[in-house]
1. Would you mind getting me the FRET efficiency between ARG99 and ALA130? Use the beta-carbon distance for r and R0 = 35 Å, nearest 0.05.
2. Between TYR349, TYR85, TYR41, which gets the highest mean-square fluctuation from a Gaussian network model of the chain, Cα cutoff 10 Å?
3. Can you give the helix-only mean residue ellipticity at 222 nm for the chain, where every DSSP H stretch with n ≥ 4 adds -39500 (n - 2.57) and the sum goes over all residues, rounded to the nearest 500 deg cm²/dmol?
4. How high is the relative contact order of segment 307-407, in percent, with contacts defined as C-alpha pairs under 8 Å that are six or more residues apart?
5. Before anything else, pin down the relative contact order of segment 36-123: Cα pairs under 8 Å, at least 6 apart, normalised by residue count, whole percent.
6. Taking a ≥ b ≥ c as the square roots of the eigenvalues of the Cα gyration tensor of the chain, is the shape rounded (a/c under 1.5), prolate (a/b larger than b/c) or oblate?
7. Given R₀ = 35 Å, what would the calculated FRET efficiency be for ASP64 paired with ASP142, taking r from the Cβ atoms and rounding to 0.05?
8. Rounded if a/c is under 1.5, else prolate if a/b is larger than b/c, else oblate: which is segment 108-191, with a ≥ b ≥ c the root eigenvalues of its Cα gyration tensor?
Amino acid sequence: MIRKASLLLVGALIGGATITALSQMPVRVSGVANAAASDTYRQLNLFGDVFERVRSDYVEVPDDAALIESAINGMLSSLDPHSSYLSPKHFRDMQVQTRGEFGGLGIEVTMEDGLVKVVTPIDDTPAFKAGVMAGDLITHLDGEQIQGLTLSEAVDKMRGPINTGIELTIRRENVAEPVKLTITRDIIRIKSVRFREEGEVGYLRVTQFNEQTYDGLKDGMDEVAKKIGSDKLKGFVLDLRNNPGGLLDQAIAVSDAFLQRGEIVSTRGRNADETQRYNARSGDLANGKPVIVLINGGSASASEIVAGALQDHRRATVLGTRSFGKGSVQTIVPLGANGAIRLTTARYYTPSGVSIQAKGITPDIEVLQELPEELRASGAETKGEAGLRGHLQGEGEEQSGSQAYVPPDPKDDAQLKLALDLLNGVQVNSAFPPVGDQKAAVPN
(Lines give C-alpha, C1' and ligand atoms only; values in the text may rest on other atoms or scores of the structure.)
Protein backbone atom coordinates (compact mmCIF):
# COMPACT_ATOMS: atom_id res chain seq x y z
CA MET A 1 0.00 0.00 0.00
CA ILE A 2 1.32 3.46 -0.87
CA ARG A 3 0.93 6.02 1.85
CA LYS A 4 1.62 9.60 2.79
CA ALA A 5 5.17 9.94 4.00
CA SER A 6 7.50 12.46 5.50
CA LEU A 7 10.42 12.87 3.16
CA LEU A 8 13.95 12.60 4.43
CA LEU A 9 16.80 14.65 3.17
CA VAL A 10 20.17 13.20 2.41
CA GLY A 11 19.85 10.65 -0.36
CA ALA A 12 17.23 8.44 1.18
CA LEU A 13 13.78 7.75 -0.25
CA ILE A 14 10.36 7.58 1.35
CA GLY A 15 6.91 6.14 0.93
CA GLY A 16 3.95 8.04 -0.35
CA ALA A 17 0.21 8.39 -0.53
CA THR A 18 -2.53 7.26 -2.82
CA ILE A 19 -3.29 9.42 -5.81
CA THR A 20 -6.68 10.26 -4.28
CA ALA A 21 -4.85 12.45 -1.79
CA LEU A 22 -4.55 14.95 -4.62
CA SER A 23 -7.35 14.05 -6.99
CA GLN A 24 -10.17 14.62 -4.47
CA MET A 25 -9.41 18.30 -3.96
CA PRO A 26 -12.49 20.48 -4.65
CA VAL A 27 -12.76 22.23 -8.01
CA ARG A 28 -13.46 25.95 -7.90
CA VAL A 29 -14.36 27.76 -11.13
CA SER A 30 -14.59 31.54 -11.49
CA GLY A 31 -13.92 34.26 -14.03
CA VAL A 32 -10.50 34.80 -12.51
CA ALA A 33 -9.79 31.07 -12.69
CA ASN A 34 -10.83 31.00 -16.37
CA ALA A 35 -8.55 33.94 -17.13
CA ALA A 36 -5.70 32.20 -15.33
CA ALA A 37 -6.37 29.02 -17.27
CA SER A 38 -6.24 30.94 -20.55
CA ASP A 39 -2.89 32.41 -19.53
CA THR A 40 -1.64 28.93 -18.63
CA TYR A 41 -2.58 27.56 -22.04
CA ARG A 42 -0.59 30.33 -23.69
CA GLN A 43 2.43 29.34 -21.60
CA LEU A 44 1.95 25.69 -22.58
CA ASN A 45 1.92 26.75 -26.23
CA LEU A 46 5.22 28.51 -25.57
CA PHE A 47 6.64 25.29 -24.15
CA GLY A 48 5.44 23.43 -27.25
CA ASP A 49 7.15 25.96 -29.53
CA VAL A 50 10.45 25.63 -27.66
CA PHE A 51 10.20 21.85 -27.60
CA GLU A 52 9.65 21.67 -31.37
CA ARG A 53 12.51 24.09 -32.05
CA VAL A 54 14.90 21.97 -29.97
CA ARG A 55 13.75 18.79 -31.74
CA SER A 56 14.23 20.29 -35.20
CA ASP A 57 17.30 22.51 -34.84
CA TYR A 58 19.53 21.22 -32.03
CA VAL A 59 23.01 20.28 -33.24
CA GLU A 60 22.38 16.59 -32.50
CA VAL A 61 19.14 14.60 -32.53
CA PRO A 62 17.79 14.84 -28.94
CA ASP A 63 15.95 12.14 -27.03
CA ASP A 64 12.31 13.29 -26.83
CA ALA A 65 11.61 11.32 -23.66
CA ALA A 66 14.70 12.79 -21.96
CA LEU A 67 13.60 16.31 -22.91
CA ILE A 68 10.14 15.82 -21.41
CA GLU A 69 11.58 14.23 -18.24
CA SER A 70 14.00 17.13 -17.81
CA ALA A 71 11.16 19.64 -18.27
CA ILE A 72 9.04 17.88 -15.63
CA ASN A 73 12.00 17.72 -13.26
CA GLY A 74 12.67 21.40 -13.79
CA MET A 75 9.08 22.30 -12.95
CA LEU A 76 9.03 20.24 -9.76
CA SER A 77 12.51 21.08 -8.52
CA SER A 78 11.72 24.79 -8.87
CA LEU A 79 9.09 24.39 -6.12
CA ASP A 80 11.36 23.20 -3.30
CA PRO A 81 14.32 20.81 -2.80
CA HIS A 82 12.05 17.84 -1.98
CA SER A 83 9.61 17.85 -4.92
CA SER A 84 10.80 15.85 -7.92
CA TYR A 85 9.94 13.45 -10.70
CA LEU A 86 10.68 9.76 -10.17
CA SER A 87 11.43 7.77 -13.29
CA PRO A 88 10.00 4.23 -13.31
CA LYS A 89 13.35 2.85 -12.10
CA HIS A 90 13.71 5.43 -9.32
CA PHE A 91 10.10 4.81 -8.29
CA ARG A 92 10.80 1.08 -8.00
CA ASP A 93 13.97 1.81 -6.00
CA MET A 94 11.98 4.04 -3.65
CA GLN A 95 9.40 1.29 -3.11
CA VAL A 96 12.18 -1.18 -2.28
CA GLN A 97 13.65 1.31 0.19
CA THR A 98 10.37 1.89 1.98
CA ARG A 99 9.34 -1.77 2.04
CA GLY A 100 12.67 -2.66 3.57
CA GLU A 101 12.86 -5.96 1.70
CA PHE A 102 13.97 -7.14 -1.73
CA GLY A 103 15.31 -10.15 -3.60
CA GLY A 104 19.08 -10.20 -3.20
CA LEU A 105 22.18 -11.65 -1.55
CA GLY A 106 22.38 -9.90 1.82
CA ILE A 107 25.58 -7.86 1.80
CA GLU A 108 26.34 -4.25 2.65
CA VAL A 109 28.78 -2.93 0.05
CA THR A 110 30.77 0.12 -0.97
CA MET A 111 32.99 0.96 -3.95
CA GLU A 112 36.79 0.86 -3.65
CA ASP A 113 39.24 1.30 -6.54
CA GLY A 114 36.53 0.45 -9.07
CA LEU A 115 35.57 -2.79 -7.32
CA VAL A 116 32.70 -3.61 -4.98
CA LYS A 117 33.96 -4.07 -1.42
CA VAL A 118 31.93 -6.00 1.12
CA VAL A 119 31.40 -3.95 4.28
CA THR A 120 29.64 -6.82 6.01
CA PRO A 121 27.44 -9.79 5.16
CA ILE A 122 24.04 -9.59 6.88
CA ASP A 123 23.42 -12.42 9.34
CA ASP A 124 21.35 -15.40 8.13
CA THR A 125 21.29 -14.32 4.48
CA PRO A 126 22.45 -16.25 1.38
CA ALA A 127 25.74 -14.31 1.26
CA PHE A 128 26.44 -15.00 4.94
CA LYS A 129 25.69 -18.72 4.55
CA ALA A 130 27.81 -18.95 1.39
CA GLY A 131 30.86 -17.63 3.23
CA VAL A 132 31.14 -14.04 1.95
CA MET A 133 33.38 -12.12 4.36
CA ALA A 134 33.82 -8.47 5.32
CA GLY A 135 36.63 -6.96 3.26
CA ASP A 136 36.07 -9.20 0.24
CA LEU A 137 36.47 -7.45 -3.13
CA ILE A 138 33.94 -8.58 -5.75
CA THR A 139 35.60 -8.46 -9.18
CA HIS A 140 33.11 -10.30 -11.42
CA LEU A 141 29.37 -11.06 -11.47
CA ASP A 142 28.43 -14.11 -13.52
CA GLY A 143 31.83 -13.86 -15.18
CA GLU A 144 31.39 -10.21 -16.19
CA GLN A 145 33.92 -7.71 -14.89
CA ILE A 146 32.62 -5.14 -12.40
CA GLN A 147 35.28 -2.54 -13.21
CA GLY A 148 33.58 0.31 -15.06
CA LEU A 149 30.20 -0.11 -13.39
CA THR A 150 28.86 2.35 -10.82
CA LEU A 151 28.00 1.03 -7.37
CA SER A 152 24.29 1.40 -8.19
CA GLU A 153 24.68 -0.63 -11.40
CA ALA A 154 26.58 -3.38 -9.57
CA VAL A 155 23.93 -3.52 -6.82
CA ASP A 156 21.17 -3.76 -9.45
CA LYS A 157 22.93 -6.79 -10.96
CA MET A 158 23.20 -8.51 -7.57
CA ARG A 159 19.53 -7.94 -6.78
CA GLY A 160 16.92 -9.99 -8.60
CA PRO A 161 14.08 -12.49 -8.30
CA ILE A 162 14.30 -14.92 -5.38
CA ASN A 163 15.48 -18.46 -6.10
CA THR A 164 17.71 -17.28 -8.96
CA GLY A 165 21.46 -17.80 -8.80
CA ILE A 166 24.47 -15.57 -9.38
CA GLU A 167 28.20 -16.34 -9.35
CA LEU A 168 30.50 -13.97 -7.48
CA THR A 169 34.22 -13.87 -8.17
CA ILE A 170 35.98 -12.55 -5.07
CA ARG A 171 39.48 -11.32 -4.35
CA ARG A 172 40.20 -12.08 -0.70
CA GLU A 173 43.13 -10.88 1.39
CA ASN A 174 45.83 -13.53 1.97
CA VAL A 175 44.19 -15.88 -0.56
CA ALA A 176 46.22 -16.27 -3.75
CA GLU A 177 43.50 -17.53 -6.11
CA PRO A 178 40.14 -15.83 -6.77
CA VAL A 179 37.25 -17.29 -4.76
CA LYS A 180 34.13 -18.20 -6.76
CA LEU A 181 30.81 -18.51 -4.95
CA THR A 182 27.42 -19.36 -6.48
CA ILE A 183 24.67 -17.85 -4.36
CA THR A 184 20.89 -18.21 -4.67
CA ARG A 185 18.98 -14.98 -4.09
CA ASP A 186 16.39 -14.83 -1.32
CA ILE A 187 14.21 -12.20 0.36
CA ILE A 188 16.49 -9.75 2.19
CA ARG A 189 15.02 -7.58 4.92
CA ILE A 190 16.79 -4.32 5.66
CA LYS A 191 17.39 -4.00 9.39
CA SER A 192 16.48 -0.43 10.18
CA VAL A 193 16.84 -1.05 13.93
CA ARG A 194 19.98 -2.37 15.61
CA PHE A 195 20.15 -2.92 19.34
CA ARG A 196 22.46 -4.07 22.09
CA GLU A 197 22.85 -3.99 25.85
CA GLU A 198 25.05 -1.28 27.35
CA GLY A 199 25.36 -2.63 30.87
CA GLU A 200 21.87 -2.19 32.31
CA VAL A 201 20.75 0.19 29.55
CA GLY A 202 19.08 -0.79 26.27
CA TYR A 203 20.63 0.87 23.20
CA LEU A 204 18.34 1.19 20.14
CA ARG A 205 19.79 2.57 16.89
CA VAL A 206 17.20 3.47 14.22
CA THR A 207 18.91 4.10 10.86
CA GLN A 208 15.79 4.85 8.78
CA PHE A 209 12.01 4.60 8.95
CA ASN A 210 10.82 1.85 6.60
CA GLU A 211 8.00 -0.68 6.89
CA GLN A 212 10.10 -2.87 9.20
CA THR A 213 11.01 -0.16 11.74
CA TYR A 214 8.32 -0.44 14.41
CA ASP A 215 8.51 -4.24 14.46
CA GLY A 216 12.30 -4.03 14.70
CA LEU A 217 12.08 -1.55 17.56
CA LYS A 218 9.60 -3.69 19.48
CA ASP A 219 11.74 -6.80 19.00
CA GLY A 220 14.83 -4.89 20.12
CA MET A 221 13.17 -3.56 23.26
CA ASP A 222 11.83 -7.00 24.14
CA GLU A 223 15.22 -8.62 23.55
CA VAL A 224 17.30 -6.22 25.66
CA ALA A 225 14.69 -6.24 28.46
CA LYS A 226 14.84 -10.04 28.48
CA LYS A 227 18.65 -10.16 28.57
CA ILE A 228 19.10 -7.41 31.16
CA GLY A 229 16.02 -8.25 33.19
CA SER A 230 13.04 -5.92 33.53
CA ASP A 231 13.86 -5.25 37.18
CA LYS A 232 17.47 -4.25 36.39
CA LEU A 233 16.78 -2.29 33.18
CA LYS A 234 17.54 1.39 33.84
CA GLY A 235 16.20 2.83 30.59
CA PHE A 236 16.73 3.20 26.85
CA VAL A 237 18.89 5.25 24.54
CA LEU A 238 17.07 5.86 21.23
CA ASP A 239 19.75 6.85 18.72
CA LEU A 240 18.35 8.82 15.75
CA ARG A 241 21.61 10.48 14.73
CA ASN A 242 22.17 10.75 10.97
CA ASN A 243 18.77 9.13 10.40
CA PRO A 244 17.43 10.91 7.28
CA GLY A 245 13.80 9.96 7.94
CA GLY A 246 11.30 7.83 6.04
CA LEU A 247 7.69 6.79 6.44
CA LEU A 248 5.37 9.04 8.41
CA ASP A 249 3.30 6.14 9.77
CA GLN A 250 6.43 4.49 11.15
CA ALA A 251 7.54 7.71 12.85
CA ILE A 252 4.09 7.86 14.46
CA ALA A 253 4.30 4.19 15.52
CA VAL A 254 7.77 4.62 17.06
CA SER A 255 6.62 7.72 18.98
CA ASP A 256 3.50 5.85 20.11
CA ALA A 257 5.70 3.05 21.46
CA PHE A 258 6.76 5.39 24.30
CA LEU A 259 3.60 7.48 24.77
CA GLN A 260 0.36 6.67 26.58
CA ARG A 261 -1.78 9.42 25.09
CA GLY A 262 -1.80 12.80 23.39
CA GLU A 263 -0.99 14.20 19.97
CA ILE A 264 2.13 12.93 18.20
CA VAL A 265 2.19 15.18 15.14
CA SER A 266 -0.15 17.20 12.94
CA THR A 267 0.14 17.96 9.23
CA ARG A 268 -1.31 21.13 7.69
CA GLY A 269 -1.78 21.62 3.96
CA ARG A 270 -2.63 24.71 1.92
CA ASN A 271 -6.30 24.58 2.94
CA ALA A 272 -7.56 24.43 6.52
CA ASP A 273 -9.67 21.33 5.85
CA GLU A 274 -6.52 19.37 4.97
CA THR A 275 -5.22 19.39 8.57
CA GLN A 276 -4.66 15.94 10.05
CA ARG A 277 -3.77 15.03 13.64
CA TYR A 278 -2.23 11.77 14.79
CA ASN A 279 -2.65 10.69 18.42
CA ALA A 280 -1.02 8.11 20.64
CA ARG A 281 -2.84 5.05 21.90
CA SER A 282 -2.49 3.72 25.43
CA GLY A 283 0.44 1.45 26.10
CA ASP A 284 4.14 2.22 26.70
CA LEU A 285 6.53 -0.49 25.47
CA ALA A 286 9.22 0.92 27.77
CA ASN A 287 6.93 0.56 30.82
CA GLY A 288 7.78 4.07 31.96
CA LYS A 289 11.55 3.54 31.95
CA PRO A 290 13.58 6.71 31.26
CA VAL A 291 14.43 7.44 27.62
CA ILE A 292 17.18 9.60 26.11
CA VAL A 293 16.95 10.44 22.40
CA LEU A 294 20.17 11.21 20.51
CA ILE A 295 19.95 13.60 17.53
CA ASN A 296 22.38 15.63 15.42
CA GLY A 297 22.52 17.68 12.22
CA GLY A 298 21.85 14.58 10.14
CA SER A 299 18.58 13.73 11.95
CA ALA A 300 15.80 14.78 9.58
CA SER A 301 12.08 14.50 8.90
CA ALA A 302 10.66 11.35 10.54
CA SER A 303 13.50 11.46 13.09
CA GLU A 304 12.45 14.99 14.02
CA ILE A 305 8.81 13.91 14.40
CA VAL A 306 9.83 11.31 16.99
CA ALA A 307 12.26 13.59 18.83
CA GLY A 308 9.74 16.46 18.84
CA ALA A 309 6.87 14.32 20.11
CA LEU A 310 8.84 12.74 22.96
CA GLN A 311 10.38 16.08 23.87
CA ASP A 312 7.08 18.02 23.90
CA HIS A 313 5.40 15.36 26.04
CA ARG A 314 8.41 15.35 28.40
CA ARG A 315 8.66 11.61 27.85
CA ALA A 316 12.32 11.76 26.86
CA THR A 317 15.34 13.99 27.18
CA VAL A 318 16.77 14.97 23.77
CA LEU A 319 20.57 15.09 23.70
CA GLY A 320 23.09 16.00 20.99
CA THR A 321 23.03 18.85 18.47
CA ARG A 322 20.27 20.68 16.56
CA SER A 323 18.49 18.49 13.99
CA PHE A 324 18.31 19.14 10.24
CA GLY A 325 15.02 21.06 10.14
CA LYS A 326 12.98 19.33 7.44
CA GLY A 327 9.39 19.97 8.42
CA SER A 328 7.49 19.20 5.21
CA VAL A 329 5.46 16.22 4.03
CA GLN A 330 5.69 14.79 0.52
CA THR A 331 2.96 12.89 -1.30
CA ILE A 332 3.92 10.29 -3.90
CA VAL A 333 1.56 10.41 -6.89
CA PRO A 334 1.98 7.30 -9.10
CA LEU A 335 1.84 7.89 -12.86
CA GLY A 336 1.27 4.31 -13.99
CA ALA A 337 4.06 3.10 -16.26
CA ASN A 338 5.62 6.57 -16.24
CA GLY A 339 6.92 6.52 -12.67
CA ALA A 340 5.64 9.03 -10.11
CA ILE A 341 5.95 12.56 -8.83
CA ARG A 342 6.95 13.47 -5.31
CA LEU A 343 5.16 16.65 -4.30
CA THR A 344 5.35 18.68 -1.09
CA THR A 345 1.75 18.92 0.14
CA ALA A 346 1.92 19.85 3.84
CA ARG A 347 4.02 20.99 6.76
CA TYR A 348 4.14 19.04 9.98
CA TYR A 349 3.97 20.39 13.51
CA THR A 350 5.08 18.99 16.86
CA PRO A 351 2.45 18.40 19.60
CA SER A 352 2.96 21.91 21.01
CA GLY A 353 2.06 23.36 17.60
CA VAL A 354 5.60 24.31 16.57
CA SER A 355 6.85 23.94 13.01
CA ILE A 356 10.49 22.86 12.85
CA GLN A 357 10.77 23.76 9.13
CA ALA A 358 14.23 25.32 8.60
CA LYS A 359 14.71 25.46 12.40
CA GLY A 360 15.13 21.90 13.63
CA ILE A 361 14.72 20.36 17.06
CA THR A 362 16.85 22.00 19.73
CA PRO A 363 18.23 19.37 22.16
CA ASP A 364 17.56 19.67 25.87
CA ILE A 365 21.25 18.95 26.43
CA GLU A 366 23.72 20.08 23.75
CA VAL A 367 26.84 17.93 23.43
CA LEU A 368 29.48 18.35 20.71
CA GLN A 369 31.72 15.50 19.59
CA GLU A 370 35.50 15.71 19.55
CA LEU A 371 36.40 15.85 15.85
CA PRO A 372 39.34 14.05 14.23
CA GLU A 373 42.06 16.32 12.84
CA GLU A 374 40.93 16.05 9.21
CA LEU A 375 37.40 17.26 10.07
CA ARG A 376 38.22 20.13 12.39
CA ALA A 377 38.45 22.73 9.63
CA SER A 378 34.94 21.99 8.34
CA GLY A 379 33.38 21.37 11.73
CA ALA A 380 31.58 18.35 10.21
CA GLU A 381 28.39 20.39 10.03
CA THR A 382 25.38 19.92 7.75
CA LYS A 383 23.92 22.92 5.96
CA GLY A 384 20.52 22.00 7.29
CA GLU A 385 17.19 22.69 5.62
CA ALA A 386 17.73 26.45 5.95
CA GLY A 387 20.87 26.10 3.80
CA LEU A 388 19.08 24.45 0.88
CA ARG A 389 18.33 26.69 -2.07
CA GLY A 390 14.60 27.14 -2.63
CA HIS A 391 13.54 25.61 0.70
CA LEU A 392 10.11 26.35 2.18
CA GLN A 393 10.35 29.32 4.49
CA GLY A 394 10.22 28.55 8.19
CA GLU A 395 8.05 30.30 10.75
CA GLY A 396 10.23 32.77 12.62
CA GLU A 397 14.02 32.73 12.70
CA GLU A 398 15.69 30.02 10.61
CA GLN A 399 18.69 28.28 12.13
CA SER A 400 18.86 24.56 11.27
CA GLY A 401 22.13 22.76 10.60
CA SER A 402 24.70 21.57 13.10
CA GLN A 403 27.44 19.04 13.74
CA ALA A 404 26.64 15.60 12.33
CA TYR A 405 29.71 13.56 13.25
CA VAL A 406 29.37 10.24 15.08
CA PRO A 407 32.65 8.52 16.03
CA PRO A 408 32.97 5.00 14.60
CA ASP A 409 34.17 3.67 17.97
CA PRO A 410 31.53 3.94 20.73
CA LYS A 411 34.35 4.55 23.23
CA ASP A 412 34.92 7.96 21.59
CA ASP A 413 31.21 8.84 21.44
CA ALA A 414 30.73 11.73 23.89
CA GLN A 415 26.97 11.96 23.30
CA LEU A 416 26.37 8.26 23.91
CA LYS A 417 28.70 8.29 26.93
CA LEU A 418 26.78 11.14 28.59
CA ALA A 419 23.44 9.46 27.87
CA LEU A 420 24.63 6.25 29.52
CA ASP A 421 26.10 8.17 32.47
CA LEU A 422 22.78 9.96 33.03
CA LEU A 423 20.77 6.75 32.89
CA ASN A 424 23.22 5.00 35.22
CA GLY A 425 23.23 7.91 37.68
CA VAL A 426 26.94 8.61 37.20
CA GLN A 427 26.19 12.19 36.11
CA VAL A 428 23.25 14.51 36.74
CA ASN A 429 21.66 17.22 34.62
CA SER A 430 18.65 19.45 35.26
CA ALA A 431 17.12 18.33 31.92
CA PHE A 432 17.12 14.66 32.94
CA PRO A 433 14.67 13.31 33.78
CA PRO A 434 12.32 15.79 32.05
CA VAL A 435 10.20 18.00 34.30
CA GLY A 436 6.74 16.42 34.33
CA ASP A 437 4.65 19.51 34.99
CA GLN A 438 5.62 20.94 31.58
CA LYS A 439 3.22 18.46 30.01
CA ALA A 440 0.45 20.98 30.53
CA ALA A 441 1.75 22.93 27.50
CA VAL A 442 0.96 20.01 25.21
CA PRO A 443 -2.62 19.28 24.06
CA ASN A 444 -3.74 15.79 25.15
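The values are calculated or read from the model by the stated rules, or taken from the named source; none is laboratory data. As the structure is a computational prediction, the values presented were derived from the model and not from experiment. With ideal geometry, Cβ positions are generated from the backbone for all residues, glycine too; neighbour counts draw on all protein chains shown. Heads up: the accessible areas ignore ligands, DNA and RNA and are worked out on the full protein's heavy atoms, side chains in. Shrake-Rupley method; radii C 1.70, N 1.55, O 1.52, S 1.80 Å.
1. Taking R0 as 35 Å, the efficiency between ARG99 and ALA130 is 0.90.
2. In the Gaussian network model the winner is TYR41.
3. Values: 10 runs with 117 residues, N = 444.
It comes out at -8000 deg cm²/dmol, rounded to the nearest 500.
4. Details: 191 pairs, mean separation 33.1, N = 101.
Relative contact order here is 33 percent.
5. Taking the mean separation of contacting Cα pairs over the length of segment 36-123, I get 12 percent.
6. Working: a/c = 1.87, a/b = 1.10, b/c = 1.70.
Oblate is the answer for the chain, as a/c is 1.5 or above yet b/c matches or exceeds a/b.
7. On the way: r = 34 Å, r/R0 = 0.97.
Efficiency, rounded to the nearest 0.05: 0.55.
8. Working: a/c = 1.40, a/b = 1.23, b/c = 1.14.
In terms of gyration-tensor shape, rounded.
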